[in-house]
Amino acid sequence: MAKRGGFPGGGMPGNMANLMKQAQKMQKQMEEQAKELETKEFTAAAGGGAVEVVVSGSKKVLKVKLNEEVVDPDDIEMLEDLIVAAMNEAFEKVDEESSSAMGGLTGGMGGLL
């Protein structure tokens, strides 16, 4: 009577162990990339440099710099819009860097992850 279950020839369990080792290695590399990303700073400007924002890779705002000419008490909305635009651009840079780093690690794995 034929065996049920299992893998013929016993070759698959070795491949599975190798696959698990590769997955663990990739996970460690991804954790290292994430830690490295958190230490980086990303700068973005709006209004021709009138507003500058610096954020960390963990998406924390570190610094906001305003040129005097953009601080107009009669037009607070423009200043608010410039700050939002600079922050959004800085966060997009973080996302792009993160996607690029993770894409390099996953390479051709595509839909497997």
If every Lys and Arg gets +1 and every Asp and Glu gets -1 at its Cβ, then about the Cα centre region 55-95 yields a dipole, in debye to the nearest 20, of 560
Here the tail fraction of P(r) beyond 18 Å, over all Cα-Cα pairs of region 30-100, rounds in percent to 40
With 0.36 nm assigned to each residue of separation and the Cα-Cα distance removed, residue 75 to residue 23 gains 13.3 nm
Between the alpha carbon centres of region 55-81 and region 27-52 the gap in Å comes to 18
Partner lysines whose C-alpha sits under 28 Å from that of residue 25, ignoring same-chain residues fewer than 8 away, are 35, 40, 59, 93
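Here, each number is a calculation from the coordinates, and none is a lab measurement. A quick note: this is a predicted structure, and the numbers were derived from the prediction, not measured. Note that we place each Cβ from the backbone using ideal geometry, even for glycine, and neighbour counts take in every protein chain shown.
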